[in-house]
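Here is the structure we will look at.
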Amino acid sequence: MDGGRKRRRGETRARRVPMESFDLVGIGVGPSNLSLAALAEPVEGLRAGFLESKPRFRWHPGLMLPDAWLQVSYLKDLVTLVDPTSRFSFLNFLSEQGRIFRALVANGMSCSRQEFEQYYQWAAEGLPDIHWQSRVKSVSVVGDRFEVVCDSGLTATARSLVLGSGREPYLPPFAAAFHGSRVLHGSELLSVRPDLAGRRVMVVGAGQSGAEVVNYLLSEDAATPAELTWVSSRVGFLPIDDSPFSNEWFAPSYVDYFHSLPAGRRADLLGRQRLASDGVSESLLRKIYQRLYRLDHLEGGTLSHRLLPCRRVTDLRGHADGVEVSVLDTDRDVRETVPADVVVFCTGYRSRFPDYLEPLREALTGDGGAFRVRRDYSLDWDGPPGLRVFVQNFAEDSHGIADPNLSLSAWRSARIVNAAVGREVYRTDGASTATAWSSA
């Protein structure tokens with residue numbers, strides 16, 4: 001009997017099962033929830049557990065190209081911007097590995113993505129409450145707690161959930177039907193390892209990932225194609241806007257200001273600010289340009305290349321000799337067909353509603369079909385009082401361009417920790433900026 005209490009949407013009757021009890025359970029362990037785990041670890045009165053389907057921490061392994069570098073300072077690590085004294089800082093990693101002096105001489109304030117993945121793995125190994133090889137099958141409400149069931153046999157309960165399962169590689173629908181070794185997402189390049197040498201290769205997308213793939217094709221003898229086509233929907237192959245005032249869009253005070261704006265204005269701003277997040281490092285653009293110059297004028301024209309700005313790929317047709325790619329010139333409204341053997345789509349990532357939350361979809365999203373994310377990254381949802389769901393990397397529309405970026409991951413995790421325990425463990429307000437966002 002329920003004692004006359006009406007069950008809310010997504011809630012089921014209590015039942016007896018073996019379970020491990022936490023205050024907070026994080027689902028998925030990428031950089032965001034790894035940051036949360038590191039910041040939660042020293043907090044008294046907070047027992048946090050984390051569930052991850054992979055056997056160990058990996059960070060975009062299919063795109064871990066040999067010359068890929070962070071676009072942000074390594075101080076934007078798991079913890080430093082909210083707790084510079086944490087043992088999980090990148091500088092402490094360098095110190096414990098005995099390489100801090102050499103790293104400073106070799107790299108200054110920069111860091112390769114390969115080394116940052118090593119740092120993430122080191123931090124993960126120091127956090128005992130991460131349960132690897134634990135894919136979440138279902139989440140339900142049982143009584144006054146969430147019950148999380150994993151295919152490993154682990155069942156966990158908690159009063160707070162943190163969704164950190166990440167965004168998924170996006171392929172346009174017309175490309176998905178051809179997905180394989182001839183048509184793939186850039187994030188799969190090193191895992192699929194298509195035959196590239198001496199082939200006709202097209203790269204679609206001119207953000208950082210697209211540029212890194214192009215640089216790889218131009219730099220690795222084993223991957224150098226006979227023909228390279230690079231397609232950009234933008235007016236050119238544009239650098240990241242890394243200027244000081246644009247970087248203030250990645251400050252905590254701007255996130256709060258952005259969250260306070262009407263939805264239409266937020267959408268407009270995201271479009272205007274896109275190059276602060278999705279542009280290419282200027283040093284990488286220069287390297288690509290210099291390499292093309294050498295290929296064209298100093299090395300006998302060994303590679304044919306076309307760089308196509310103001311173009312949009314609209315369709316694919318497969319045939320025995322490869323793929324025919326339909327490309328629209330958006331300046332002139334003219335279409336052309338470009339033959340290719342391999343097409344690499346560097347078309348970004350999209351958030352997808354997790355399958356394991358499907359029974360709670362209506363309660364979590366309401367009539368609008370999308371998460372309603374509060375300032376502290378908790379969801380406004382129709383669930384039992386006291387049960388909270390937080391999101392990591394699901395809130396760009398509500399919290400701004402910094403959300404999918406590494407820049408504020410520590411600050412966001414600190415805000416979630418504070419909300420979960422109901423007190424200020426970490427200072428998350430009051431950081432100064434040069435810009436007055438609000439006139440109030």
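No value in this document is a laboratory result; all are computed from the given coordinates. Worth saying up front: this structure is predicted, and the values here are computed from it rather than measured. No Cβ is skipped: glycine too gets one built from the backbone with ideal geometry, and neighbour counts run over all protein chains shown.
Laid out as a table, the results:
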{"quantity": "Approximate spin-label separation Asp221-Trp132, in nm, with each point projected 7 Å along Cα-to-Cβ", "calculated": "3.6 nm"}
{"quantity": "Normalised contact order of the chain, rounded percent, pairs of Cα under 8 Å and 6 or more residues apart", "calculated": "23 percent"}
{"quantity": "Options Pro244, Trp411, Leu292, ranked by Cα towards positive dipole end of the chain, top entry (Cβ charges)", "calculated": "Trp411"}
{"quantity": "Evaluated at q = 0.08, 0.11 Å⁻¹: base-10 log I(q)/I(0), Debye formula over Cα of the chain", "calculated": "-0.51, -0.95"}
{"quantity": "Unit charges on C-beta of K, R, D, E only; dipole of segment 59-182, Debye", "calculated": "200 debye"}
{"quantity": "Positive-end residue, the chain charge dipole about Cα centroid, Cβ charges, pick of Cys150, Pro384, Leu261", "calculated": "Pro384"}
{"quantity": "Whole-Å distance, taken between Cα centres, linking segment 60-102 and segment 237-253", "calculated": "21 Å"}
{"quantity": "HN-Hα J in Hz across segment 170-178 - Karplus 6.51, -1.76, 1.60, θ = phi - 60°, x for Gly and Pro", "calculated": "9, 10, x, x, 5, 8, 4, 5, 9"}
{"quantity": "Separation of alpha-carbon centers, segment 299-326 and segment 153-169, rounded to whole Å", "calculated": "41 Å"}
{"quantity": "Taking Phe174, Phe237 and counting other C-beta atoms within 10 Å, the order from fewest to most", "calculated": "Phe174, Phe237"}
{"quantity": "In order through segment 257-274: 3J(HN,Hα) via Karplus (6.51 cos²θ - 1.76 cosθ + 1.60), integer Hz, x for Gly, Pro", "calculated": "5, 4, 4, 7, 7, x, 4, x, 5, 4, 4, 4, 5, 4, x, 6, 9, 4"}
{"quantity": "Calculated from backbone phi, Karplus (6.51, -1.76, 1.60) coupling profile of segment 214-222 in Hz, x at Gly/Pro", "calculated": "4, 4, 4, 5, 7, 9, 9, 4, 6"}
{"quantity": "Convex hull volume per residue for segment 336-440, taking Cα atoms only, in Å³", "calculated": "237 Å³"}
{"quantity": "Debye, to nearest 20: dipole size of segment 289-341, +1 on Lys, Arg Cβ, -1 on Asp, Glu Cβ", "calculated": "180 debye"}
{"quantity": "Distance in nm between pseudo-label sites at Ala436 and Ser152 (7 Å out along the Cβ direction from Cα)", "calculated": "5.2 nm"}
{"quantity": "Positive-end residue of Gly322, Ala197, Ser219, charge dipole of the chain with Cβ unit charges", "calculated": "Gly322"}
{"quantity": "Inter-probe distance in nm under a simple model that places probes 7 Å from Cα toward Cβ, at Glu44 and Ser73", "calculated": "3.2 nm"}
{"quantity": "Net lengthening on full extension, Tyr293/Met109 (0.36 nm per residue, minus Cα-Cα)", "calculated": "63.3 nm"}
{"quantity": "Built amide H within the under 5 Å cut-off of Val183, gap 5+", "calculated": "Val343"}
{"quantity": "Extension gain from Arg274 to His179, taking 0.36 nm per residue of separation minus the Cα-Cα distance", "calculated": "31.5 nm"}
{"quantity": "The chain - mean residue ellipticity at 222 nm from DSSP helices (-39,500 (n - 2.57) per run, n ≥ 4, rounded to 500)", "calculated": "-7500 deg cm²/dmol"}
{"quantity": "Overall form of segment 87-243 per C-alpha gyration tensor (a/c, 1.5; a/b vs b/c)", "calculated": "oblate"}
{"quantity": "Highest-MSF residue in the chain out of Leu34, Leu275, Leu298 [GNM, Cα springs under 10 Å]", "calculated": "Leu298"}
{"quantity": "Net charge dipole size for segment 29-126 [Lys, Arg +1 and Asp, Glu -1 on Cβ; Debye, nearest 20]", "calculated": "160 debye"}
